[in-house]
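Below: the structure, in structure tokens.
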Amino acid sequence: MEWYEVLILVGAGIIAGFINTLAGSGSLLTLPLFMAFGLSAPVANGTNRIGILFQSLVAIISFKKQDLLDFSTALKIGIPSVMGSLIGAMIAVDVNEDAMKTAIAILLIFMFFLILLKPSRWINSHAGSPPLPLWVQIIVFFIVGLYGGFIQAGVGFFLLAALVLASGFDLIKANALKVLMVFIYTPFSLTVFIVNHQVDYKLGFIVAAGSMLGAWIGARMSVKWGPAVVRFILLAVLLVASVKLLMG
């Protein structure tokens with residue numbers, strides 16, 4: 001591998017780690033990059049989980065130092081996410097995800113307008129909307145975990161929506177919990193891909209090196225900028241991600 005290829009992979013990892021920590025959908029950058037380096041779609045999907053795992057760990061450490069993590073809540077809703085991610089990953093090893101792109105893009109566009117038209121629900125903590133019953137949250141997070149295990153790209157948006165609208169957290173706390181939940185279920189979905197020999201460790205760890213740096217920056221900026229700025233970043237990334245999916 002040439003030195004400039006390593007730089008490209010690390011650079012993409014930095015950007016993806018930053019975007020994933022601050023908003024989501026950084027995998028829309030790394031998945032095509034892995035395929036450009038010769039990996040098939042399923043192997044790219046599995047390899048991408050290495051960077052996700054390590055960037056989540058770095059972000060968790062940063063958010064923990066800033067006292068933003070609620071571990072008890074994460075465990076309650078993390079268990080159904082793990083169950084969903086295992087099923088999603090098992091489906092992903094045999095199914096081409098291209099057929100889902102249009103549907104995902106439509107969901108992202110829906111979220112874009114939801115965040116745009118209801119800013120108080122995302123910026124203020126418990127803004128007139130108490131958490132939904134726990135059993136409803138369990139179903140919601142199982143479905144989100146199912147999607148995350150299947151493709152990962154864009155799962156951050158759905159986790160944020162669930163944490164804000166179903167669990168009643170403000171955007172900054174939801175962002176921290178989102179990262180923790182991704183870290184909880186990713187080892188399980190990654191294991192499924194490893195067992196099915198759909199992981200390229202060399203490319204995965206090179207991108208992960210950049211992802212960890214991007215995640216550290218993203219976690220610090222998330223708190224420094226506050227929920228209002230993060231909301232605008234979230235809107236921008238949502239728009240770009242949905243257009244990219246629709247354009248193919």
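The values are calculated or read from the model by the stated rules, or taken from the named source; none is laboratory data. Please read these numbers as outputs of a predicted model, since none were measured by experiment. Positions of Cβ are backbone-derived with ideal geometry, glycine not excepted, and every protein chain shown enters the neighbour counts.
All of LEU203, LEU190, LEU239, LEU213 fail the test of being touching a residue at least 60 places away in the same chain (Cβ under 8 Å), assigned to a helix (DSSP H, G or I), out of contact with any strand residue (DSSP E or B) (no Cβ under 9 Å at 6 or more places or on another chain) and farther than 17 Å from ILE50 by Cβ, apart from LEU239. Among the residues of the stretch 55-67, those identified as closer than 17 Å to LEU171 by Cβ and surrounded by fewer than 20 Cβ atoms within 10 Å (Cβ to Cβ) are GLN66, ASP67. In the stretch 22-34, the qualifying residues are those that are at pLDDT below 85, crowded, with 24+ Cβ neighbours inside 10 Å and of a type outside the set (A, V, I, L, M, F, W, C), and the one that is nearest to HIS197 (Cα to Cα) is SER27.
Annotation note: of PHE63, PHE18, PHE37, PHE71, the sole residue that is within 23 Å of ASN196 (Cβ to Cβ), in contact (Cβ under 8 Å) with a residue 40 or more places away in the chain and not aliphatic (A, V, I, L, M) is PHE37.
Can you find a residue that is hydrophobic (A, V, I, L, M, F, W, C), at pLDDT below 65, exposed (fewer than 15 other Cβ atoms within 10 Å of the Cβ) and outside any helix (DSSP H, G or I) anywhere in the stretch 103-115? Taking every residue of the stretch 103-115 in turn, none turns out to be hydrophobic (A, V, I, L, M, F, W, C), at pLDDT below 65, exposed (fewer than 15 other Cβ atoms within 10 Å of the Cβ) and outside any helix (DSSP H, G or I). Condition test on ALA166, is it touching a residue at least 24 places away in the same chain (Cβ under 8 Å), closer than 14 Å to PRO80 by Cα and among the small types (Gly, Ala, Ser)? Criteria not met by ALA166.
For GLY11, are the conditions met, namely being surrounded by fewer than 20 Cβ atoms within 10 Å (Cβ to Cβ) and either in contact with a Pro (Cβ under 7 Å, 6 or more places away or on another chain) or assigned to a helix (DSSP H, G or I) (or both)? Spelling it out, GLY11 is indeed surrounded by fewer than 20 Cβ atoms within 10 Å (Cβ to Cβ) and either in contact with a Pro (Cβ under 7 Å, 6 or more places away or on another chain) or assigned to a helix (DSSP H, G or I) (or both).
Give the residues of the stretch 132-155 that are closer than 21 Å to SER242 by Cβ, in a helix (DSSP H, G or I) and not hydrophobic (A, V, I, L, M, F, W, C), sorted by residue number. Once the filter is applied, which keeps residues that are closer than 21 Å to SER242 by Cβ, in a helix (DSSP H, G or I) and not hydrophobic (A, V, I, L, M, F, W, C), the stretch 132-155 yields TYR147, GLY148.
Considering only residues of the stretch 226-246 that are over 13 Å from GLN66 (Cβ atoms) and more than 17 Å from the chain's Cα centre (by Cα), which is modelled with the lowest pLDDT?
PRO227
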